[in-house]
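Scroll down for the structure; my scribbles are underneath it.
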Amino acid sequence: MEPTTPSQTVGPYLHIGLPWPDGPFALREGAPGGVWLRGTVTDGAGAPVADALIETWQADPEGRFDHPDDPRGAVRREGFRGFGRCPTDGEGRWGVYTLKPGPVPGPPGVQAPHIDVSVFARGMLHRTVTRVYFPDEAEANAVDPVLSSLDSPEERATLIAQETEDGYRFDIRLQGEGETVFFDI
């Protein structure tokens, strides 16, 4: 009988097994209105995770998706894919070039502008999923059904990006003190 690969980890092939031709560009590089969403992935001890993979999925600035599941119908925006994928570097850093999304209708009401984020990494059997909200959307964030469902201001704070000169910063802590809120989907 041959040994099997442990089912508890993604394994060492994660980093090389999921290339994406457009990489970190959810929006064509240099397109008008583009912003960088950058951050660092750290583990429970605060050490950078040098071989994680970040995926983002989002609506366009009008809150529309180029996807058949959008109940209002798919809408294509020139140069915008709404999806980005970026491996972390040796210091755990990642970045995706994109457009800031608009509010999205959804039960039980309008959701504040946000970007969905999946994190894949060695040692994790399943991806973790979180959201990035924007600090300049305080009014929308205050009534967002997902943010409102969280128990504490500290938890909500882990989902709010920080504004930077060329976009936003969103650090992801996989566990431990200051752990980013992840969703069971």
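Some notes on this structure:
- The one condition in (1) under 18 Å from Val41 (Cα atoms); (2) in contact with a Phe, Trp or Tyr (Cβ under 7 Å, 6 or more places away or on another chain) that Pro113 fails to fulfil: (1)
- Of the helices (runs of 4 or more DSSP H) contained entirely in the range 98-165, those carrying at least 1 residues that are closer than 19 Å to Arg38 by Cα and open to solvent by 30 Å² or more (accessible area, probe 1.4 Å) fall at 153-157.
- Of the residues in the range 18-27, at least one is open to solvent by 40 Å² or more (accessible area, probe 1.4 Å), modelled with pLDDT under 80 and charged (D, E, K, R).
- Any hit, the range 71-82, residues being in a strand (DSSP E or B) and at pLDDT 95 or above: no
- Residue count for the range 87-110, restricted to those that are touching an Asp or Glu at 6+ places or on another chain (Cβ under 8 Å) and at pLDDT 95 or above: 4
- Note on the range 166-185: among residues that are closer than 15 Å to Ile115 by Cα, assigned to a loop (DSSP other than H, G, I, E, B) and not hydrophobic (A, V, I, L, M, F, W, C), the one that is most open to solvent (accessible area, probe 1.4 Å) is Asp171.
- Test: residue in the range 37-57 that is among the β-branched types (Val, Ile, Thr), surrounded by fewer than 16 Cβ atoms within 10 Å (Cβ to Cβ) and assigned to a loop (DSSP other than H, G, I, E, B): no
The values are calculated or read from the model by the stated rules, or taken from the named source; none is laboratory data. If you're wondering where the values come from, they're calculated on a predicted model, not measured in any experiment. Positions of Cβ are generated from backbone atoms using ideal geometry, with glycine treated the same way; all protein chains shown enter the neighbour counts. Surface accessibility is based on the protein's heavy atoms, side chains included, excluding ligands, DNA and RNA. Shrake-Rupley method; radii C 1.70, N 1.55, O 1.52, S 1.80 Å.
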